[in-house]
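Following: one structure in structure tokens, then a few remarks.
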Amino acid sequence: MSKDKRDEAAPVVLAAAAHPDDIEFMMAGTLLLLKHAGAEIHLWNLANGHCGTARLPREEIVRVRAAEAEASARLAGAVPHPPLFDDLDIFYDRPSLARVAAVVREIRPTIILTQSPQDYMEDHQNTCRLIVTAAFSRGMCNFITDPPRGTGDQPVAIYHALPHGLKDGMGVPIRPDLYIDIEPVLAVKRDMLACHRSQKEWLDVSQGMDAYLNEMLGMSATVGRMSGRFAQAEGWRRHSTLGFAPNEHNPLEDLLKGRYYAPTPK
């Protein structure tokens with residue numbers, strides 16, 4: 001199918017995060033609902049997860065984490081994309097932006113789900129910056145990607161997930177603008193996260209997270225309580241539409257309807 005025909009047929013959603021399992025923790029419920037609404041979905045971890053182990057050599061943990069990410073993508077019915085960087089090697093610089101922008105131009109997303117601009121670690125924040133700028137530059141013919149890719153002028157809506165732990169690096173709570181009811185797809189979201197078996201061991205050692213899957217369920221319940229409406233939810237902040245789409249462009253609301261709730265600002 002050509003890209004033009006694909007664009008006419010379905011929204012194209014890119015979920016982009018730093019490390020294998022970041023998407024599953026904070027974004028997968030919304031992604032699955034978009035899939036059910038007819039969207040074509042893509043999963044992209046920018047880093048290979050090579051630091052996510054307390055015992056395995058580099059080559060082995062990279063292989064393991066790639067296989068886990070591919071298994072999760074299969075469960076979701078998503079197109080996986082390979083990482084570009086090592087852990088702790090995601091920087092907001094010209095060479096990195098050229099590589100990230102090439103992938104974004106290939107996918108041509110109409111919806112982007114990515115990480116919070118305020119987060120507890122630099123890989124997450126730099127991933128957010130790279131993805132946003134790559135989307136912003138999608139139609140700039142004089143910004144040359146690596147490898148070179150053609151431009152596109154399609155509207156794109158960007159939504160930022162909450163940070164893991166629901167706070168920034170200074171411990172300040174990050175509150176969403178909108179909530180998505182993920183209860184109907186929570187079991188599949190849990191199964192996607194469970195694909196990342198290597199991280200159960202790593203997080204037990206490095207962060208004391210004794211109940212890896214329960215941590216995700218607990219955060220989903222916390223966000224549900226924040227909504228005042230849903231039992232299990234993911235929270236999002238909608239990026240400015242300037243340079244990306246018309247002001248009223250909000251495809252999450254259009255596609256997810258009864259699962260979408262944006263409280264009226266006080």
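The values are calculated or read from the model by the stated rules, or taken from the named source; none is laboratory data. Being a predicted model, the structure only gives us computed values, none of them experimental. Using ideal geometry, Cβ is built from the backbone for each residue, glycine included, and neighbour counts are taken over all protein chains shown.
Yes or no: the range 244-266 includes at least one residue that is of a type in the set (K, R) and loosely packed, with under 12 Cβ neighbours inside 10 Å. Among the residues of the range 244-266, at least one is of a type in the set (K, R) and loosely packed, with under 12 Cβ neighbours inside 10 Å, which makes the answer yes.
Evaluate the following for E40: is it without any contact (Cβ under 8 Å) to a residue 60 or more places away in the chain and surrounded by fewer than 18 Cβ atoms within 10 Å (Cβ to Cβ)? For E40, the condition - without any contact (Cβ under 8 Å) to a residue 60 or more places away in the chain and surrounded by fewer than 18 Cβ atoms within 10 Å (Cβ to Cβ) - is not met. Within the range 89-102, how many residues turn out to be assigned to a loop (DSSP other than H, G, I, E, B), surrounded by 15 or more Cβ atoms within 10 Å (Cβ to Cβ) and among the charged types (D, E, K, R)? Looking only at that region, the number is 1.
The condition of being part of a helix (DSSP H, G or I), touching a strand residue (DSSP E or B) at 6+ places or on another chain (Cβ under 9 Å) and more than 22 Å from R238 (Cβ to Cβ) holds for only one of D191, D123, that being D123. Listed by first and then second residue, the pairs with beta-carbon distance under 9 Å, at least 6 apart or on different chains, first residue in the range 107-134 and free of Cβ contacts under 8 Å to residues at least 12 places away in the same chain, second of a type in the set (D, E, K, R) and outside any strand (DSSP E or B), are Q125/D119.
Within the range 7-24, the set of residues being surrounded by fewer than 24 Cβ atoms within 10 Å (Cβ to Cβ) and either in contact with a His (Cβ under 8 Å, 6 or more places away or on another chain) or assigned to a helix (DSSP H, G or I) (or both) comprises D7, E8, A9, V12.
For the range 25-53, taking the residues that are part of a helix (DSSP H, G or I) and of a type in the set (G, A, S), the one that is nearest to A98 (Cα to Cα) is identified as A28.
For the range 55-88, the set of residues classified as among the hydrophobic types (A, V, I, L, M, F, W, C) and in a helix (DSSP H, G or I) consists of I61, V62, V64, A66, A67, A69, A71, A73, L75, A76, listed by residue number.
If I ask for residues that are within 21 Å of the chain's Cα centre (by Cα) and at pLDDT below 95, which ones from the range 250-266 would you list? Scanning the range 250-266 gives a single hit, K257.
If you check G169, G243, G165 for being over 18 Å from the mean Cα position of the chain (by Cα), of a type outside the set (V, I, T) and at positive phi, only one passes: G243. Selection of first residues in the range 223-247 that are farther than 18 Å from T264 by Cα and modelled with pLDDT under 95 and of second residues that are hydrophobic (A, V, I, L, M, F, W, C) and assigned to a loop (DSSP other than H, G, I, E, B), restricted to Cβ pairs under 7 Å at least 6 apart or on distinct chains, gives an empty result. Any residue in the range 230-240 that is crowded, with 17+ Cβ neighbours inside 10 Å and among the hydroxyl-bearing types (S, T, Y)? Within the range 230-240, not a single residue is crowded, with 17+ Cβ neighbours inside 10 Å and among the hydroxyl-bearing types (S, T, Y). Remark: pairs (first residue in the range 63-82, under 11 Å from C195 (Cα atoms); second residue among the small types (G, A, S) and surrounded by 17 or more Cβ atoms within 10 Å (Cβ to Cβ); Cβ separation under 6 Å; 6+ apart in sequence or on different chains) = V64/S198; R65/G49. Being surrounded by fewer than 21 Cβ atoms within 10 Å (Cβ to Cβ), in contact with a Lys or Arg (Cβ under 8 Å, 6 or more places away or on another chain) and either under 30 Å from M170 (Cα atoms) or not aliphatic (A, V, I, L, M) (or both) holds for only one residue in E106, E122, E70, and it is E106.
Checking each residue in the range 131-160 for being touching a Lys or Arg at 6+ places or on another chain (Cβ under 9 Å) and either under 18 Å from P246 (Cβ atoms) or assigned to a helix (DSSP H, G or I) (or both) picks out A134, R138, G152, D153, Q154, V156, A157, I158, Y159. Checking each residue of the range 223-238 against the condition of being of a type in the set (F, W, Y) and touching a Pro at 6+ places or on another chain (Cβ under 7 Å) gives at least one match.
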